1. Among the lysines, which have Cα under 20 Å from the Cα of B:K630 when same-chain residues fewer than 8 positions away are ignored?
2. Which value, in Å² rounded to 10, gives the accessible area of B:E26 with a 1.4 Å probe and all protein chains present?
3. So how far apart, in nm, are the two label points at B:R4 and B:K340 if each is 7 Å from Cα heading toward Cβ?
4. Helix B:38-52 versus the longest principal axis of chain B: what is the Cα-based angle in degrees, 0 to 90, to the nearest 10?
5. Mind listing P(r) for region B:441-541? All alpha-carbon pairs, 10 Å bins, whole percents.
6. So for B:R233, A:R180, what's the accessible-area order with a 1.4 Å probe, most first?
7. Calculate what fraction, in whole %, of the accessible area of region B:629-763 sits on carbon and sulfur atoms when a 1.4 Å probe is rolled over the protein chains.
8. If you roll a 1.4 Å probe over region B:441-579 with all protein chains in place, what percent of the accessible area is carbon or sulfur?
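The values are calculated or read from the model by the stated rules, or taken from the named source; none is laboratory data. Keep in mind that what you see is a predicted model, and the values were worked out from it rather than measured. Quick reminder, even Gly has a Cβ in these numbers, built from the backbone with ideal geometry, and neighbours come from all protein chains shown. Areas reflect the complete protein model, heavy atoms only, side chains present, ligands, DNA and RNA absent. Shrake-Rupley method; radii C 1.70, N 1.55, O 1.52, S 1.80 Å.
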Amino acid sequence: MENEIEEQNCHIPAALRARSAVIRVQRSRSRRGGPAFTSLEALGLIFVLACMLAAGGQAEEPATDAVSSELVALMDHFASGGTVRAIFKETRRISLLADTIETEGVLYFAPPDHLARYTTRPGNSRVVVHGGRAAFRDETGTRAFDFGSNDIAQSLIDNLMVVLRGDLPGLRERYMLAFRSDGQSWLLSLKPRSKAVAAIIEEIRFSGAGWTLETMQTRETNDDISLLVFSGVETQLVLSQQDFERIFSLHDNDATSILPSTPSRNPRAPANP
Amino acid sequence: MNDRGIRWLTIALLVLLGSYCIARLEFTNSITHFIPSRAEAELVALSLELVESPLARRMALSIEGGPESAEVAVQLADALRMHPEVAWVETGLDESMLRGFYDLYFERRLYLTSDHPETEIPRLLKPQALEARAEQLRRRLAQPDAMLFSRTAHADPMGLFERILNRIQTFQPTATSSRTEPTDFAIIQLGLRSSPFDSLRQAQLLGDIEAEFQKLAAVHPTELRLDQNGVNRFAVAAERSIRDDVNLISAISISVVCALFLLVFRSLRQLLVAVLAPLGGFAFAMAVAATSGEPVHGITLGFGFVLIGVAIDYPIHLMNHYGLSVTDSTPREAIIRIRKSLLLSGLTTTLAFSSLAVSNFPGLAEMGSFGAAGVPVALGLTMLCLPAFLSGPTTATPVQRALSTGLARLVEWLSERRKIAIAILMAYTAIAATGLPRLHWEDDPATLMTVDPVLLAESERVRRRVADFDGGRFVVGIASDSEAALILNTRIHQRLRGVVAAGELDGVGSLHAFIWPESLQRANLAAFRATPQLGARIEQAFSRSGFRPGAFKAFEAAISNPSAPPLRIEDIAASPLARVLDSLVELENRWAIVTLLRGVHSGSAITTALGGLEDVHYVDQKEIISEVYKGYRRSTTLMVTVGSLVVLFVLLVRYQSFSRALLAFLPAALGAMCTFGLFGLFSVAVNVASAVSLLVVLGMGVDYGIFAVDCSTRAGSQGATLSSLLVSCVTSVFVFGVLALSEQPVLRAIGLTTGVGVMLALTLAPIALALARPRVPK
């Protein structure tokens, strides 16, 4: 069955509203004020924010669209997925370049707000996002900045996390949703509500089969496209405290820690359908 | 005029003088009053102007304890924006500030590329360097954060904007990225409308901040902590501590002095009469200062209270001699009996203060003039007006009689055993001789104030998070206009970069990170334009890394036709980044530009590096103030010595006898030396306040000596004189000596020096008297 729901006035189920409230609190708590003017870590955001602000105001479309029960179920499943590990392959097409850039690596997610992306080809690099703070490390050096106090930056950086933790209210707050499903495969399309974000991102598409997330495609307004293809997705992972800290540490680890050891999978976790 | 008329006239005069002072007197707290040379005074004045500038008029608040800290910080910031004492509030880099960075710098990236455009820009544009840059850009575009700069890469393939941002990031405190720092904290910075030293307003603000925070934090389940940093906190804490000390000490002093007067004179009226004379002297000295038109320093006024302590001796002598005089004697007759001693005592004390009046420290000179004007007036009031207040019949109290008789017997006993008196003198001399060489002068300004260690630790925690620059050490350059200041700042920055590279300095916070002189900016653009076939070079180098042909046409267009003029101070002033201009201070007809320093390992390395740069100073406030205190202390000690010699000369003239003059001088000189000798022996450090307090010891000690020697030939009045000295000494000890109980080192130094010195001088008075008595044939 194919089902498309866009911009329809519909009441959000009470259970969903309750979850939304919980998630809002979590998001609020994860914000970090960070040092004021003298701490200039957020300068990394200037590039993109300036572009967005130049594109217009920050007025947002109200979240009045309804959601299908299938999407709710999918998100509920993601919410119960626990710690996730997946191999990714990214293909990026950038207008400045004549060819595409391809990268590969491993991605970790621990609910509600820990994300680590380790790239193994070309070169080694890593990105860790946690509590409104992002830390990058590659051969060119390290960069870190706070984005938690900035809604626009947040909506650019932690989209994947919002989906992986099954935060449907959070998604609806930021995006107009379109969900299609044929019973086996599904496609979730996100279009930014904020005009400022929409000046940068045209659409984000998540697709999958059954309960498994397979791709994430981000199309920018300048026709730059990145496609993340996930494979070997494992959920309900159990990480030792030591592994957890190594994987999600915001601090600058040495080169040997870029690729952490493979953690064990929780034997009691249900298999994917 | 009858006594009643004199009484009313005296009170009316005092009221008139007081009213005049209140109406005319202006106060100052400038430390330049206490700086000797003009050059040093200018540097300190500049440093102090900076202390009063917007650079210091700020506070930083840190809220930590949980993820709610950011939310509470935002609410607290909103509340503080409404506060009348708060000029501005910042809680982080909001969109307007980020936009401000972009607007100011992206279009001007070509102007702000290099400090050495003639050499560095051609090097950056060499084919090999361009190819390396192209590879680097491609690697960056492969990173997940590529979206953050891919939009601007076509107009900035060289990453010039990022260079500017990296430079600006030198302002970032190093500790925020430390593993040991907690991460859940939020910072608020705010600007103050008033001086941070305006303790009244600042105490109100600090109270309001605390109350508002408690109100906001109470609704959250986790325990949040508010840490604060600001000069105002220390100013308010110091003022509160001194006030508490003074309140307690005043209460003790007043109670004990009242009890003493009740015990000795059986009358509090006598106390009120006794303070009239020194109060009159104080009011007159203040009126003279007010008439000069110059503002009077607060410390001078404080010194005025010392004057009260010295001048209260005169009424006590009068009242004691009058009380112990024979029946039917009048107060004026009592004055006549002791007038020579009073006049000589007043003259020597005035001379001692006058010696201070010629000091090359304006503040010390002012204090000397103040004393020199006040003492004669207090003496005049004692001799002319006070008898009118004592006109009633009086009889000596039993305590007066007991003291007089007992002390007369003591003198009698000592004069019969001169060897004992001489042995005591030798013992005092030995203490002075052995202790003085061990005396330790403490000139470190930090030791003159007690700072609450908890407050200091809290302040340090916030400072590490906000900007870990050293608050007391910085480099300042002076120039005639703002462009010249920026040119000078570039040179300062270049020199300091060398010091950082040498490991003698951890980092600098310079306005150079934000703005360069226009000439340097234009030189940058010219260096780009001077590169032949730059477009073709970039095309060739970048195409090898897979970039499309013509991808960077926007960069070429920006070089040939920049869309913004060079960055000016006015541009920053009109932007959300205006606060960075706080380090550029407009003074009278000149501009000061301040470079903040982080982790100074060698002040001399900085001074050496800045050598040859005109009007550039490395300011170490602690070192400067320490030098100032040292000079101040030396000058005071010298002036006290000169004053002592002048007093000795006057005594020689008066007594026409070296031995009698020496004996009159003995309590003052030996008392003062023995006091410092004891401090040396017991390792009590002395400071500038101790040196000034020596004047009190000198003034009162000379009084004791003169009265002792003068009465040595009048057997009947020796007991009365010594009991007067005893009451006077105990009064002084309880007026000043109890300051030794204070927690504040300055007050403690005054109290200890005065208390010990005056008591030692008193113990020497009977010895001087005994030795001055004519020898009785056996």
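1. Leaving aside lysines fewer than 8 places away in the same chain, those within reach of B:K630 are B:K622.
2. Its accessible surface works out to 110 Å², give or take rounding.
3. Here the modelled spin labels are 3.8 nm apart.
4. It works out to around 70 degrees.
5. Per 10 Å bin, starting at zero, the Cα-Cα P(r) for region B:441-541 comes out as 11, 25, 25, 23, 9, 4, 3, 0 percent.
6. Values: B:R233 35, A:R180 90 Å².
These residues rank, largest area first, as A:R180, B:R233.
7. 73 percent
8. Numbers: 3150 of 5920 Å².
Of all accessible area on region B:441-579, carbon and sulfur atoms account for 53 percent.
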